[in-house]
Amino acid sequence: MKNEPTALPADAADAEDFSASAKALDRGQRARLIRQTRTGLGLSQSEFATRFRVPVGTLRDWEQARATAPDFAIAYVRVIGQHPEMVAKAVA
């Protein structure tokens with residue numbers, strides 16, 4: 001069963017805090033996974049996009065949480081994180 005994030009209410013004591021919906025939390029977690037995988041490989045967005053055949057604009061949208069990366073993309077990024085050379089060779 002998938003772990004669904006719950007909504008996170010704003011901290012009333014913090015004037016700069018804001019509420020986050022479950023969807024926003026999920027989108028942020030996906031963005032973080034993608035960004036951490038890319039930076040862990042020492043690649044720029046452009047390098048990662050070229051090497052793994054992901055449109056650079058799509059990658060930017062996912063990393064900046066402007067769009068939610070779909071499940072298949074998250075699975076792909078996880079495989080890239082585990083086997084970057086194999087994936088790069090497979091898509092070359």
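The values are calculated or read from the model by the stated rules, or taken from the named source; none is laboratory data. Given the structure is predicted, the values throughout are model-derived calculations rather than measurements. Glycine also receives a Cβ, built like all others from the backbone with ideal geometry; neighbour counts cover every protein chain displayed. For accessibility, only protein heavy atoms count, side chains too; no ligands or nucleic acids. Shrake-Rupley method; radii C 1.70, N 1.55, O 1.52, S 1.80 Å.
Quick one: in the range 30-45, of everything that is of a type in the set (A, V, I, L, M, F, W, C) and in contact (Cβ under 8 Å) with a residue 12 or more places away in the chain, which residue is nearest to residue 82 (Cα to Cα)? It would help to see each step written out before you state the result.
First, pick out the residues of the range 30-45 that are of a type in the set (A, V, I, L, M, F, W, C): 31, 33-34, 41, 43.
Next, only the ones that are in contact (Cβ under 8 Å) with a residue 12 or more places away in the chain stay: 31, 33-34, 41.
Details: 31: 18, 33: 13, 34: 13, 41: 10 Å.
Only one residue fits best here, namely 41.
In the range 68-87, what residues are open to solvent by 20 Å² or more (accessible area, probe 1.4 Å) and either touching a residue at least 12 places away in the same chain (Cβ under 8 Å) or aromatic (Phe, Trp, Tyr) (or both)?
Here is the first cut: in the range 68-87, the residues open to solvent by 20 Å² or more (accessible area, probe 1.4 Å) are 68, 70-72, 75-76, 78-79, 81-86.
Hits for the range 68-87 are 68, 72, 76, 78, 81, 84.
Of the numbered conditions (1) open to solvent by less than 60 Å² (accessible area, probe 1.4 Å); (2) closer than 19 Å to residue 79 by Cα; (3) not basic (Lys, Arg), residue 36 fails exactly one; give the number of that condition.
(1)
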